[in-house]
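Accompanying notes for the structure given below.
The numbers here are math on the coordinates, done by the rules we state, and not lab data. None of these values were measured; they are calculated from a predicted model. Don't worry about glycine lacking a Cβ; one is built from the backbone with ideal geometry, like all the others, and counts go over all protein chains shown.
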Amino acid sequence: LLGLLWMFSPLLTSMRALQKADERAVMSRTVESDRCYLMDRGYAKFLLWNVIHTAQSSYICRVRDNWVYEVIEEKRLTAADRKAGVISDQIVKFTGSKADVLPDHPVRLVIVSASEHTSRGSSATGSSTGPSCDGKLRLATDLLEIPAELIAEGYRLRWLIELFFRMFKQLLGCRHLLSTRQNGVEIQTYLAIIACLLILIYTGRAPTKRTFEMICLSMSGWASLEELERHIEKLRPAKT
């Protein structure tokens, strides 16, 4: 038994380190005041909501489709709310959770129409294609007074951030940080954004993975400047 514990001790240590480095755990330790946190379903934790609310910040968090709740108050929808795709706006009390901690503040649930889709499980590359959606986004928030249309818009803008980091990691080669120090991360981020803007200014189009690869090949000597220029010329919009 002692031998087995000794063998698995490095694994247990690694698992504890991963738990401490988990994004949700890190977020609960770094919540600041006067912020509005936009969060996906993985962050739908009552304890985290309480931490954010106690810090005098706010949150908009998508919750899972199967969460059970009791409607306390039905809020009237405006024409602007309906135009933004809002289906309902309610003050609710979650009743189906087995969590030890419940929200210690009023929670508002704004339901917004979305594209219905069914999860295809894991893709060929091993990555998840995401959970299914029944055509409704359920957004929980402690923002009780602002229009429901702004709750929907806030969550939509969250995806602009996701798209930026997708470009940052996949198109600009920043999947791995060259430094974990703040100055090093800032330098790498600024360089990536500058490279993106230069490509956009020079070609008139947003950078693609192929364009980034060609620039890297040219800078490392594997592609000539002429080859890079021919590639960039193909990206320029056709003159009419």
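Observations on the model:
- FRET efficiency, ASN183 to ALA25 (Cβ-Cβ, R0 22 Å, nearest 0.05): 0.30
- Sorting the segments 137-149, 198-210 by their residues' average number of neighbouring beta-carbon atoms within 10 angstrom, most packed first, yields 137-149, 198-210.
- When all alpha carbon pairs of the range 48-119 are counted in 5 Å bins from zero, the resulting P(r) reads 3, 13, 21, 23, 19, 14, 6, 1 %.
- Gain upon complete extension [ARG236, GLU213; 0.36 nm per residue less C-alpha separation]: 6.6 nm
- Within straight-line reach of LYS45, meaning a Cα separation under 19 Å, sit the following aspartates and glutamates at least 8 residues removed in sequence or on another chain: ASP22, GLU23, GLU32, ASP65, GLU70, ASP100, ASP104, ASP142.
- Estimated FRET transfer efficiency when R0 is 41 angstrom, pair THR78-SER220 (beta carbons, to 0.05): 0.10
- Cross-link reach list, aspartates and glutamates versus LYS169, counting only Cα pairs under 14 Å and skipping chain neighbours closer than eight places: GLU213
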